[in-house]
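The values are calculated or read from the model by the stated rules, or taken from the named source; none is laboratory data. Everything quoted here is computed from the prediction, not taken from an experiment. A quick note on method: Cβ atoms are made from the backbone with ideal geometry, for glycine too, and the neighbour counts reach across all protein chains shown.
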């Protein structure tokens, strides 16, 4: 009788230990996954801030550069495309992130072309409203870089956690998949060519 109680107690202790291990690992995966989702929301937030600044910037430039219609329309179209690409933070995958990045890169390119056009208009460059918008846009671009870096850090932490043993076994069992990183735009490793 005494031996059977000892066996039952040992089995109960082992089961409690296994349960605690699964529970702790699962909860850590959920927590890290939520941190990735929260950081993704912050990335979207700063991209939205940039998108919200663009109509004001375009309208300010439009008053000075009326015959630059094609460039202005390009910025508006790129903004529309960039804001139409949405990603569910719980379903981040490489293809969706690549589509998002391409749309955002298109908007960045259109903004660069707009800034080149602005160089032709000294009155516009001296306009306080334009200067304020330009400073806000530059600050937003810096925020985007910071938030993308933080997102990649959260993804690295999450991916490392679900790939390490024995967590990788639990991740597969519970359906936790690897998350994609933000990557630099293709060709950004080459310095721009400047000609005078």
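Which of the residues belonging to the stretch 57-72 are assigned to a helix (DSSP H, G or I), more than 24 Å from the chain's Cα centre (by Cα) and either surrounded by 12 or more Cβ atoms within 10 Å (Cβ to Cβ) or at pLDDT 80 or above (or both)? Passing the criteria: 58, 59, 60, 61, 62, 63, 64, 71, 72. Screening the candidates 61, 36, 85 for the property of being closer than 30 Å to residue 113 by Cβ and in contact (Cβ under 8 Å) with a residue 60 or more places away in the chain yields one hit, 61. When we screen 101, 77 for residues that are at negative phi, in a helix (DSSP H, G or I), within 13 Å of the chain's Cα centre (by Cα) and surrounded by 13 or more Cβ atoms within 10 Å (Cβ to Cβ), the only hit is 101. Please indicate, with yes or no, whether at least one residue in the stretch 92-106 is at pLDDT 85 or above, more than 30 Å from residue 176 (Cβ to Cβ) and in contact with a helix residue (DSSP H, G or I) (Cβ under 9 Å, 6 or more places away or on another chain). Yes, because at least one residue in the stretch 92-106 is at pLDDT 85 or above, more than 30 Å from residue 176 (Cβ to Cβ) and in contact with a helix residue (DSSP H, G or I) (Cβ under 9 Å, 6 or more places away or on another chain).
Here residue 93 passes the criteria (1) surrounded by fewer than 15 Cβ atoms within 10 Å (Cβ to Cβ); (2) within 26 Å of residue 56 (Cα to Cα); (3) in contact (Cβ under 8 Å) with a residue 12 or more places away in the chain except the one numbered (2).
Residues are listed down the side, and each one gets a yes or a no for (1) modelled with pLDDT of 90 or more; (2) part of a helix (DSSP H, G or I):
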site	(1), (2)
117	no, yes
124	no, yes
130	no, yes
144	yes, yes
176	yes, no
187	no, no
